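These notes concern the structure reproduced below.
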Amino acid sequence: MARESTARQKLVDAALSLVRTKGYAATSVDELCARAGVTKGAFFHHFANKDALAVAAAEHWSEMTGALFRDAPYHRHRDPLDRVLAYLDFRKSLLKGAVPDFTCLVGTMVQEVYATHPDIRAACDASISGHAATLEADIAEAMKLYGVTSFTAASLALHTQAVLQGAFILAKAKGGPRIAAASIDHLRRYIELLFQPKDHKGRTRQ
């Protein structure tokens, strides 16, 4: 049983690496087996097909990143807005290494398969939306504290993910993290402006 569990995890880990490097469609079962060091028989013992592995990889990605963000230092701030801004700083700090090292598995997959593989699309949506939901409480608390009512916490939480996923696309296009870091900086400034007080004519007070 231990050998079976190890083979399954190796295949999931191989999917995380290869899909972020090559994309879902360009990654073959043979390549996944070679990267994991398992036979094709072992692959089909654990997964009915590549799609099933992709769903398992998305779920594992959610668990792995969930643990990373759960223990991240931005939670220590008392002010909820500071927590939201520090979350973005933390995201920026993760932009290290080659492009596949910091880009998102589920964002990569869903761009390819959203119209053709509904099970994978749903798993990717659950991962992205689930992560966005972890920001909602801090955003809602900040909105209450700063008297902001012009949007919902859920919509801003999802917007952060839209910007981050777009930043990853730009990083792929440009071949490095610099543009992604700049996008996060812009998002940070935007959120700061949302929570600045307005004068009676609706202009931001300096």
- Karplus ³J(HN,Hα) for segment 169-184 (6.51 cos²θ - 1.76 cosθ + 1.60, θ = phi - 60°; Hz, whole; x = Gly/Pro) runs 4, 5, 4, 5, 5, 8, x, x, x, 4, 5, 5, 4, 5, 5, 5
- Query: Over the Cα atoms of segment 26-129, how large are the radius of gyration and the largest Cα-Cα distance (Dmax), in Å?
  - Reply: 16.7, 53
- Local charge sum around Tyr114 (other residues, Cβ-Cβ under 11 Å, Lys/Arg +1, Asp/Glu -1)? -1
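Provide the FRET efficiency to the nearest 0.05 for the His159-Ala25 pair, computing r from the beta carbons and using R0 = 25 Å.
On the way: r = 28 Å, r/R0 = 1.14.
Here the calculated transfer efficiency is 0.30.
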- Query: Taking Cα atoms, how many degrees apart are the long axis of helix 50-70 and the longest axis of the chain, rounded to 10 and kept between 0 and 90?
  - Reply: 40 degrees
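Rounded to two decimals, what ratio of Rg to Rh does the chain give with C-alpha atoms and a Kirkwood Rh? Walk me through the numbers on the way to the answer.
Values: Rg = 19.5 Å, Rh = 18.6 Å.
The Rg/Rh ratio comes out at 1.05.
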- Message: Would any residue of segment 92-113 have its amide N under 14 Å from a label point 7 Å out along Cα→Cβ of Ala173? List them or say none.
- Response: none
- Query: Short version: ³J(HN,Hα) in whole Hz for each residue of segment 152-163, in order, from phi by Karplus 6.51 cos²θ - 1.76 cosθ + 1.60 (θ = phi - 60°), x for Gly and Pro, what are they?
  - Reply: 9, 4, 5, 5, 5, 4, 5, 4, 4, 6, 4, 5
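Quick one: grab the alpha carbon gyration tensor of segment 94-202, order the square roots of its eigenvalues as a ≥ b ≥ c, and give me rounded if a/c is under 1.5, else prolate or oblate depending on whether a/b is larger than b/c.
Details: a/c = 2.69, a/b = 1.54, b/c = 1.75.
Here segment 94-202 falls in the oblate category.
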- Take the Cα pairs of segment 85-150, get the Kirkwood Rh, then feed it into Stokes-Einstein at 10 °C and 1.306 mPa s and tell me D in µm²/s. 112 µm²/s
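Rolling a 1.4 angstrom probe over the protein heavy atoms, how many square angstrom per residue are accessible across segment 50-195? Let's see the in-between values first.
Details: 7330 Å² over 146 residues.
Accessible area per residue: 50 Å².
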- Note on the structure: So the FRET efficiency between Asp13 and Gln111, C-beta based with R0 = 30 Å and rounded to 0.05, is 0.90
- Task: Go through segment 33-47 residue by residue and turn each phi into a ³J(HN,Hα) via Karplus (6.51, -1.76, 1.60, θ = phi - 60°); whole Hz please, and just put x for glycine and proline.
- Result: 5, 5, 5, 7, x, 10, 7, 5, x, 5, 4, 6, 6, 9, 9
- Task: Quick one: which residues, 5+ away or cross-chain, put their amide H under 5 Å from the amide H of Phe47? H built at 1.01 Å from N.
- Result: none
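Filter Lys10/Lys50; Lys92/Lys174; Lys22/Lys92; Lys96/Lys172; Lys96/Lys174; Lys22/Lys50 down to the pairs with a C-alpha to C-alpha distance above 19 Å, please.
Over 19 Å Cα-Cα: Lys22/Lys92.
Relative contact order for the chain: what is it in percent, counting Cα pairs under 8 Å that are at least 6 residues apart? Please report the intermediate quantities before stating the final value.
Numbers: 200 pairs, mean separation 39.7, N = 206.
Worked out over the chain, it gives 19 percent.
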- Message: Can you show me the helix-derived [θ] at 222 nm for the chain, built from DSSP H runs with n ≥ 4 at -39,500 (n - 2.57) apiece and divided by the number of residues, rounded to the nearest 500.
- Response: -24000 deg cm²/dmol
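Which percent of the accessible heavy-atom area of the chain goes to carbon and sulfur, probe 1.4 angstrom?
Working: 6230 of 11190 Å².
Summing carbon and sulfur atoms, their accessible area is 56 percent of the total for the chain.
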- Multiply the residue separation of Ala181 and Ala98 by 0.36 nm, subtract the distance between their alpha-carbon atoms, and state the gained length in nm to one decimal. 28.5 nm
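The values are calculated or read from the model by the stated rules, or taken from the named source; none is laboratory data. What you see is a predicted model; the values in this text were computed from it and never measured. Cβ coordinates were reconstructed from backbone atoms using ideal geometry, including for glycine residues, and neighbour counts include every protein chain displayed. With ligands, DNA and RNA removed, areas are computed over all heavy atoms of the protein, side chains included. Shrake-Rupley method; radii C 1.70, N 1.55, O 1.52, S 1.80 Å.
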